[in-house]
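Undergrad: Take this structure first; my questions come after.
The values are calculated or read from the model by the stated rules, or taken from the named source; none is laboratory data. Keep in mind the model is a prediction, meaning the values are calculated, not measured. Here the Cβ positions follow ideal geometry from the backbone for every residue, glycine too, while neighbour counts run over all protein chains shown. Note: accessible area is taken over every heavy atom of the protein model, side chains too, but ligands, DNA and RNA are not part of it. Shrake-Rupley method; radii C 1.70, N 1.55, O 1.52, S 1.80 Å.
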Amino acid sequence: MAKIRRNEKKEMPALNTSSLPDIIFMLLFFFMTVTSMKEVSYKVRFTVPQATELTKMEKKSLVRYIYVGTPTDEFRKQYGAETRIQLDDAFAEVAEIENYIVNERSAMSESDQGQMTVSIKADANTRMGVIADIKQALRRAYALKINYAASQRTSY
Amino acid sequence: MAKKKVPALNASSMADISFLLLIFFLVTTSMDVSQGLARRLPAPVPPDQKVEDTDINKRNLFVVKINSMNQLLVQGQEMNIKQLREKAKEFIANPNDDPNLPKLYTENIEGLGEVTYTREHVISVQNDVDTQYQAYLDVQNELVAAYNELRNEYAQAKFHKPFVELDEEQQKLVQKVYPQKISEAEPKNYGGNK
C-alpha cells in the first residue's frame, strides 16, 4: 500500500566519498612517476635550434647537460652579454668542463659510465667557436657520446 | 562479554591531504622530453702524436664547408641547404657507379647476400669559428637525414619494413651497408683576419 507523505522533509543522502582518496592517490602516483625534479634554474637564456632527425634521450639519469647562451637579465650586469656556459647551477669556463665531466662520470656506477651522454643545450645563435671549444673539451674528457639538443622543426 | 566495536576511522581528511600532494606534483612536473641530434665524437688525439693527414682518395671524400655567413660550399660548389640531402645521398650510395663518386665494393655479407656499397666514403664537415650554431646543426641534420633515408629505402627493399621496425640484428646489417661516416675536422679558422 502506498504510503502518503505529507509534510515530511526529505533528507538528501550523504554522498559516499570513501573512494575519493583512491582516485586522487592514483593521479598522485601518476604525476609522481612522470615528474623529473632535478631541473636546474637557468642562468643563461637560450632557444635550442630546430632539426628534424631527432632521437629521444633514453635514460635521464645518464645524461649531463651543458647550457650555452647569453646570461639572463639578472646576471647581465655581472657577467655581460657575451655567450656563457652553465654547468649545473653555476657559470663555468670551458676549462672546467673536462673536470666536471670526469667527476660526474666517476660518480656513476661502472656499468653506466660508458653509457653517459652529454647533451649540449645551446642557443641557435651561438658562434661555432664556443661549441667547437666545448667539443674539444668533451673529447679530452672522453665523453664521446653527445647530443645536440634541438626542437622539432615544423616548417622550413 | 560483548565485543567492543572498533570505532570507524575518520578518513574524510585523507582526500584533502592527497589533494595537497597531487597539486604539489602537478605544479612541479615538467613533462618535456628532451630530444636532440645524437652524434659521436672521435677519440682525442694524444698530444705527443702529430695529426696525420690520412690519405683519402679524392673520390671518396665529400667536403661540406660552412663559412661565417652560414653559406655552404659542397664539393667546391655553392649550395642551398635544401639541395644538400639529395647530393649527400647520391654521394653515399653512388647508384650509377660514377667514377667521380666513391668506389663501389661488392661483398658477400652474411644475412644479406651480395651487396654493392661504398665502403670508404667519408663526409667531412668544416665550419668557421663564426658560423651560427643553427646553420651547423642544419647541415648535420641534413646529412643524418640522408643516411636515414638511405637506410630506410634499403630496409624497405630488403625486409619490407622501415628501418626503425627492424630487429637489432637486421639494423646492424643495414648499418653495415650504410655506415655513418661524418668526420668533423679539427677546428680551424677559415678566411678570418684574426
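Undergrad: Identify, please: which residue in segment A:137-156 is more than 7 Å from chain B (Cβ to nearest Cβ) and more than 15 Å from A:Arg105 (Cα to Cα) and is, among those, nearest to the chain's Cα centre (by Cα)?
TA: A:Ser151
Undergrad: Only one of (1) more than 18 Å from A:Asn147 (Cβ to Cβ); (2) of a type outside the set (Asp, Glu); (3) not in a helix (DSSP H, G or I) is not met by A:Phe29, so which one is it?
TA: Going through the list (1) more than 18 Å from A:Asn147 (Cβ to Cβ); (2) of a type outside the set (Asp, Glu); (3) not in a helix (DSSP H, G or I), A:Phe29 breaks only (3).
Undergrad: Would you be able to tell me the number of residues in segment A:56-74 that are of a type in the set (Lys, Arg) and at the interface with chain B (Cβ under 10 Å from one of its Cβ atoms)?
TA: Counting residues in segment A:56-74 that are of a type in the set (Lys, Arg) and at the interface with chain B (Cβ under 10 Å from one of its Cβ atoms) gives 2.
Undergrad: So how many residues does segment B:127-160 have that are open to solvent by 30 Å² or more (accessible area, probe 1.4 Å) and over 18 Å from A:Ile146 (Cβ atoms)?
TA: Here the count works out to 13.
Undergrad: Could you tell me which of the residues A:Glu8, A:Glu39, A:Glu53 is over 30 Å from A:Arg153 (Cα atoms) and either at the interface with chain B (Cβ under 7 Å from one of its Cβ atoms) or at pLDDT below 75 (or both)?
TA: Working: A:Glu39 fails: over 30 Å from A:Arg153 (Cα atoms); A:Glu53 fails: over 30 Å from A:Arg153 (Cα atoms).
Residue meeting the stated conditions: A:Glu8.
Undergrad: Mind checking which residues of segment B:116-126 are crowded, with 18+ Cβ neighbours inside 10 Å and part of a strand (DSSP E or B)?
TA: Selection gives B:Tyr117, B:Thr118, B:Ile123, B:Gln126.
Undergrad: Let me ask you something else. Can you find a residue in segment A:100-113 that is out of contact with any Leu (no Cβ under 8 Å at 6 or more places or on another chain) and in contact (Cβ under 8 Å) with a residue 60 or more places away in the chain?
TA: No: segment A:100-113 contains no residue that is out of contact with any Leu (no Cβ under 8 Å at 6 or more places or on another chain) and in contact (Cβ under 8 Å) with a residue 60 or more places away in the chain.
Undergrad: To continue, here is another question. Which pairs turn up if I take residues in segment B:117-134 that are within 14 Å of chain A (Cβ to nearest Cβ) and look for partners that are assigned to a strand (DSSP E or B) with beta carbon separation below 6 Å, at least 6 apart in sequence or on another chain?
TA: Matching pairs, first to second residue: B:Val125/B:Val64; B:Val125/B:Glu184; B:Gln126/B:Lys65; B:Asn127/B:Ile66; B:Asp130/A:Arg127; B:Thr131/B:Ile66; B:Tyr133/A:Ala122.
Undergrad: Turning to a different aspect of this structure: Output the number of the condition that A:Ser119 fails; it satisfies all remaining conditions of (1) out of contact with any Pro (no Cβ under 9 Å at 6 or more places or on another chain); (2) more than 9 Å from chain B (Cβ to nearest Cβ).
TA: Failed condition: (2).
Undergrad: While we're on this one: Which one of these is of a type outside the set (A, V, I, L, M) and in contact (Cβ under 8 Å) with a residue 24 or more places away in the chain: B:Pro95, B:Pro102?
TA: Checking each option against the conditions leaves just B:Pro102.
Undergrad: Could you check segment B:61-84 and list, in sequence order, the residues that are crowded, with 17+ Cβ neighbours inside 10 Å and not in a strand (DSSP E or B)?
TA: If the condition is that a residue be crowded, with 17+ Cβ neighbours inside 10 Å and not in a strand (DSSP E or B), then B:Asn67, B:Ser68, B:Asn70, B:Ile81, B:Leu84 are the ones that fit.
Undergrad: Among the residues that make up segment B:158-166, is at least one of them part of a helix (DSSP H, G or I) and either among the aliphatic types (A, V, I, L, M) or touching a residue at least 60 places away in the same chain (Cβ under 8 Å) (or both)? Please lay out each step first, then the result.
TA: Initial filter on segment B:158-166 (part of a helix (DSSP H, G or I)): B:158-159, B:163-165.
Applying the additional criterion that residues be either among the aliphatic types (A, V, I, L, M) or touching a residue at least 60 places away in the same chain (Cβ under 8 Å) (or both) yields B:164.
Yes - at least one qualifying residue is present in segment B:158-166.
Undergrad: Can you find, within segment A:49-98, the residue that is farthest from B:Leu37 (Cα to Cα) among those that are assigned to a helix (DSSP H, G or I) and open to solvent by less than 50 Å² (accessible area, probe 1.4 Å)?
TA: Step by step, filter segment A:49-98, then rank; the result is A:Phe75.
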